[in-house]
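Presented below is the structure to which this report refers.
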Amino acid sequence: MADNPQQTIRELKELVIAYAKQETIDDLKGLGRWVAFGILGALLLGVGAMFVAIGALRALQGDERGPHLTGNWSWAPYAIVVAGAFAVAGLAWMVGTKRKKP
C-alpha cells in the first residue's frame, strides 16, 4: 500500500503545482508575445494612417489646386480628410466584425 500518506500528499501537491505552472505560465508567455506584436502592429498602422491622412490633406491644400478650396472653403480639405478617415475606419470595422456564415 502507501509508504507514507504525508509523503504521498506532498508529492501530489508538488505535482499539481508543477502542472498548474506548466499550463498557465507557458501559455501566458506566449500570449504576452502575441499581445506585444498586436499592439506594435496597431501602433505602426495608426502612424501610417496618420501620415497618409496628412499627405492627402497637403495634396488637397496644394498651390496647384487653384483657388477652389481657399477663402470661405478653406475648411473643406480638412472635412474631406476626416470623412475619408472615418470611411476607412468604418470599412475596417465592418471587415473585422464580419461573421462567417455556417
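The values are calculated or read from the model by the stated rules, or taken from the named source; none is laboratory data. It should be emphasised that the depicted structure is a prediction, and the values quoted were computed from it without experimental measurement. Glycine gets a Cβ as well: all are built from the backbone with ideal geometry, and neighbour counts include every protein chain shown. What goes into the accessible areas is simple: the full protein's heavy atoms, side chains included, and nothing from ligands, DNA or RNA. Shrake-Rupley method; radii C 1.70, N 1.55, O 1.52, S 1.80 Å.
Before we move on, is Asp27 loosely packed, with under 11 Cβ neighbours inside 10 Å and outside any helix (DSSP H, G or I)? Against the criterion (loosely packed, with under 11 Cβ neighbours inside 10 Å and outside any helix (DSSP H, G or I)), Asp27 does not qualify.
Let's see how each residue does on (1) at pLDDT 90 or above; (2) open to solvent by less than 100 Å² (accessible area, probe 1.4 Å); (3) basic (Lys, Arg):
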residue: Glu23; (1), (2), (3): no, yes, no
residue: Ile39; (1), (2), (3): yes, no, no
residue: Ala42; (1), (2), (3): yes, yes, no
residue: Ala53; (1), (2), (3): yes, yes, no
residue: Ala79; (1), (2), (3): yes, yes, no
residue: Ala85; (1), (2), (3): yes, yes, no
residue: Gly90; (1), (2), (3): yes, yes, no
residue: Pro102; (1), (2), (3): no, no, no
